[in-house]
Structure formats: C-alpha cells, structure tokens
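To start, the structure itself, in structure tokens.
The values are calculated or read from the model by the stated rules, or taken from the named source; none is laboratory data. Treat the numbers as computed from the prediction; the structure is a model and nothing was measured. Methodologically, a virtual Cβ is constructed for each residue, glycine included, from the backbone with ideal geometry; neighbour enumeration extends over all protein chains shown.
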Amino acid sequence: MFYKSTKVMIVEPDQRHAFSIEKMLNRMGYYSIAHVSTLEEGLMLSQFGGKLFSVLFAPEFMIKPSAENFFPLCGFNVDSLFIYSCSKQTPRVTARLNGTLRSSVGLPKFEDLESFMARVDGEDALPLFKSA
C-alpha cells in the first residue's frame, strides 16, 4: 500500500531531470515533492523548513557516496535515499545503515521508482539518516 503523504525531496541541478522524476512520482500519486538545485538549499529546507522529508533523490555526482562515508547527507532528516545517474563502474551501494538505499544508472525508470517507493512506504523502512 502506498502512503501518498510521503514527503519527497529531489536535489537536482538540471530542472529537466527533476521534472522527469517528479512527473513519474505524480503518476504514482505522490504530490508532496520539493525540488532544490543544491545540497545547501536542500539542507536549509530540510532543517529549517519545518517539513520532514521521508525520501531524498539525488544524482551520484552531487553526493559522492561510499558505504563508509555519507557525510554530505548527514544533515538531512530523511528515512530513505535514491541515488541515480551512477556510472556503470560504480558498485551498487549497499547501506551499512538502516533504511532504504538504491542506486541507478542514468535517470531512474518508472518501474524502479515504483518498486523503491513501495519499499519506502512498507513496514521495513527504518530511518536511514537522522540529524542529531
């Protein structure tokens, strides 16, 4: 079951990419979506906007993730992360933390987003990043 009140943040400097992801989420019934162009804007909205986000979508080049270091994301108060636009050489990221984490080569496909959001809204979704 999808909980359409799930709040989503898309951190994407290319508005066409952000709009594409937002449009797919809208088709699934998600409308509580915020789009920002930089991590700094996302952090400000996450920390001071009074709106807790459940999911963060971001391209790999903006966050440069590794299994050991999620430093750029530590300030975000989100439960789940979807990393996209990964290169084919990038190993599939596996979280050593609780929560949902996914990587995708290129922009995510509708089926990938649908599967991811079903898991996010499921009972097995636990907090991934919580600010102190």
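Looking only at the stretch 43-78, residues that are at pLDDT below 70 and over 11 Å from the mean Cα position of the chain (by Cα) come to 13 in all. Within the stretch 13-60, the set of residues being small (Gly, Ala, Ser) and touching a Lys or Arg at 6+ places or on another chain (Cβ under 9 Å) comprises GLY29, SER32, ALA34, SER54. Just one of the listed residues (THR6, THR38) is under 16 Å from PHE116 (Cβ atoms) and either surrounded by fewer than 19 Cβ atoms within 10 Å (Cβ to Cβ) or not aliphatic (A, V, I, L, M) (or both), namely THR6.
A single entry from TYR30, TYR84 fulfils the requirement of being part of a strand (DSSP E or B), surrounded by 16 or more Cβ atoms within 10 Å (Cβ to Cβ) and at pLDDT 85 or above: TYR84. Take GLU40 and tell me if it is over 16 Å from PHE110 (Cα atoms), touching a residue at least 12 places away in the same chain (Cβ under 8 Å) and among the charged types (D, E, K, R). For GLU40, the condition - over 16 Å from PHE110 (Cα atoms), touching a residue at least 12 places away in the same chain (Cβ under 8 Å) and among the charged types (D, E, K, R) - is not met. Can you say whether LEU128 is surrounded by 17 or more Cβ atoms within 10 Å (Cβ to Cβ), within 20 Å of THR6 (Cα to Cα) and at pLDDT below 65, as far as the supplied structure shows? So LEU128 fits the description; yes. What number of residues in the stretch 94-107 are out of contact with any Leu (no Cβ under 6 Å at 6 or more places or on another chain) and either at pLDDT 75 or above or of a type in the set (A, V, I, L, M, F, W, C) (or both)? Residues flagged as out of contact with any Leu (no Cβ under 6 Å at 6 or more places or on another chain) and either at pLDDT 75 or above or of a type in the set (A, V, I, L, M, F, W, C) (or both) within the stretch 94-107 amount to 6.
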